[in-house]
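Report on the structure given below.
The values are calculated or read from the model by the stated rules, or taken from the named source; none is laboratory data. Predicted, not measured: the structure shown is a model, and the values here were computed from it. Don't worry about glycine lacking a Cβ; one is built from the backbone with ideal geometry, like all the others, and counts go over all protein chains shown.
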Amino acid sequence: MKARYRYRIYPNQQQQTNFAKLFGCCRVVWNDALALCRQSKKLPKNGDLQKVCITQAKLTEGRQWLSEVSNIPLQQAIRDLGVAFNNFFKSLKGERQGKSVSRPKFKKRHNRQTARFRQGGFSIKRNKVYLAKIGNLKVKWSRPLPSEPTSVTVIKDCAGRYFLSFVVEVEPETKSPLYPAIGIDLGIKTFATLSNGVKVNSPDYSKLDRKIRKAQRQLARRQKGSRRRERIRLRIAKLQAKIRDTRQNFLHKLSTKVIQDNQLIALEDLNVSGMVKNRKLSRAISQAGWREFRTMCEAKAQKFSRELQVISRWQPTSQYCADCGFKWGKLDLSVRELVCLNCGETIDRDSNAAKNIKNVGVGHTHDAKWTGSECKTSIEAVCGELSTHLKYEQLRLFDC
Ligand SMILES: [Zn+2]
């Protein structure tokens, strides 16, 4: 399987200038090619696009500076555009797993900038990475590369940091002793409640978030194109990068731990994009990163040969006692703890949900109606179930 390894780099002044040129050229080539694709009825072939947007463009006065940079990332930009269109079409036809892909967009100058080098455009020599027409780069090797990389992407993020991102082939771990199964219930303040009773709190982003909101209000008052506006933009980008880094660090550590310690991991399939539409909660939900967590778990499950079960979002995981299967029905959100009428056990709401998720994940459940993936929900059923589902209920409570 393929994996990405990312390292920070510190290019010198000359290299930064060269990178700026390279990013600009890649962006222009991408945008020119995309404009052509949007104009024509049938998607032009890769080779034709390269001919028009690179080879011929270099001869024109407006684009002759394209020959100042390496040709490899420029060709790659067009190839990547082809892949982006392909993914978009596949997503439209429903042939693609995961989140739906929107159609390729024009690249902007102030967004994250990238340029990708394939084999032949880069080499690694004695701790340094050589890029065509850029030179040798000093890299912070935070961990060793597991194998020879097939490509490298140079990234400059909005906060002005530079990274190299390598694509490498990694061997999935095959032998694994028998580990237990676990269910995970995701929330906002308590990010994860595990079925073994462990609760993991989410990092607190509220302080940084308040700073961002204040800066965003200032940004709105600044004149477009002014230096003061640019300064605020950079400040916001740095704060956002900080939140993102904190979250990714937290999610990576948690997902690695959960995957390494367990053989089967059951997660709930949350309708994140639907929930984000709720204005009051959207910020907290996006910052929590549930979807990101699932993506990480999926990748790591593959890497360590573990099984990841994503259970249907219509499972009423908070309506049953996980120990005896007694159904108490819908609960008010304020109820965090309750005593089961049947078995007399004192139950924490989130732990109970996590246990139920685990039970469904491993295929044990008290109600045959909810077992396995056979339960298909028709549209009518979906509408009926909405009111019984905890997460939606939660959102509705916040609405009024
Ligand atoms: Zn019970």
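Only a single item in (1) part of a loop (DSSP other than H, G, I, E, B); (2) touching a residue at least 40 places away in the same chain (Cβ under 8 Å); (3) among the aliphatic types (A, V, I, L, M) is not met by VAL101, and it is number (2). TYR162 meets the conditions (1) surrounded by fewer than 13 Cβ atoms within 10 Å (Cβ to Cβ); (2) within 23 Å of the chain's Cα centre (by Cα) in every case but one. The failed one is (1). Could you identify the single residue in ILE243, ILE236, ILE285, ILE259 that is touching a residue at least 24 places away in the same chain (Cβ under 8 Å), under 18 Å from ALA181 (Cβ atoms) and surrounded by 15 or more Cβ atoms within 10 Å (Cβ to Cβ)? Within the list ILE243, ILE236, ILE285, ILE259, the selection yields ILE259. Scanning the stretch 68-101 for residues that are small (Gly, Ala, Ser), touching a Lys or Arg at 6+ places or on another chain (Cβ under 7 Å) and at pLDDT below 90 yields a total of 0. For the stretch 299-322, a residue qualifies if it is touching a strand residue (DSSP E or B) at 6+ places or on another chain (Cβ under 8 Å) and either near the ligand (Cβ under 10 Å from one of its atoms) or not in a strand (DSSP E or B) (or both), and the qualifying residues are ALA299, ALA301, LYS303, ARG306, ARG313, GLN315, THR317, GLN319, TYR320, CYS321, ALA322.
The number of residues in the stretch 173-199 being more than 21 Å from the chain's Cα centre (by Cα) and not hydroxyl-bearing (Ser, Thr, Tyr) comes to 13. The stretch 151-232 holds strands (runs of 3 or more DSSP E) entirely within its bounds, and those carrying 3 or more residues that are touching a residue at least 24 places away in the same chain (Cβ under 8 Å) map to 151-156, 162-169, 181-186, 190-194. Restricting attention to the stretch 324-351 and to residues that are aliphatic (A, V, I, L, M) and within 13 Å of the ligand (Cβ to nearest atom), the residue that is farthest from the chain's Cα centre (by Cα) turns out to be LEU341.
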